[in-house]
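The values are calculated or read from the model by the stated rules, or taken from the named source; none is laboratory data. If you're wondering where the values come from, they're calculated on a predicted model, not measured in any experiment. Virtual Cβ from ideal backbone geometry, glycine too; neighbours counted across all protein chains shown. The protein model used for the area step is the full one, side chains on, heavy atoms only, and it has no ligands, DNA or RNA in it. Shrake-Rupley method; radii C 1.70, N 1.55, O 1.52, S 1.80 Å.
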Amino acid sequence: MKEDLFNKTDFFVVKALEDGVNVIGLTRGSDTRFHHTEKLDKGEIMIAQFTEHTSAVKVRGKAIIQTSHGEISNETE
Ligand code: TRP
């Protein structure tokens, strides 16, 4: 069942390092578009999964992103 598949999907964590960080969910399937934008202020954390509806995530703004593949930050300096 699809639900079981996504219940086992790892979570990823986004921690905002500045106000106004956008975590944007992109749709799964042949039509790739934004379906949800979550705005985080400095220090706020979002914990989410890839789902039946979300196959990719774009993070705009300075943040730390943790996944099962490791941790990455787009902070430049
Ligand atoms: N309703 C969305 C979904 O089930 C919620 C969601 C899950 C989401 N992961 C996300 C939204 C990542 C933005 C980014 O797919």
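Some notes on this structure:
- Scoring ARG33 on the criteria (1) open to solvent by less than 80 Å² (accessible area, probe 1.4 Å); (2) away from the ligand (no atom under 12 Å from the Cβ); (3) not hydroxyl-bearing (Ser, Thr, Tyr) leaves a single failure, condition (1).
- Taken over region 50-66, residues that are near the ligand (Cβ under 9 Å from one of its atoms) and surrounded by 17 or more Cβ atoms within 10 Å (Cβ to Cβ) amount to 3.
- Every condition in (1) within 11 Å of the ligand (Cβ to nearest atom); (2) open to solvent by 40 Å² or more (accessible area, probe 1.4 Å); (3) within 17 Å of GLU75 (Cβ to Cβ); (4) not hydrophobic (A, V, I, L, M, F, W, C) holds for GLU38 except the one numbered (3).
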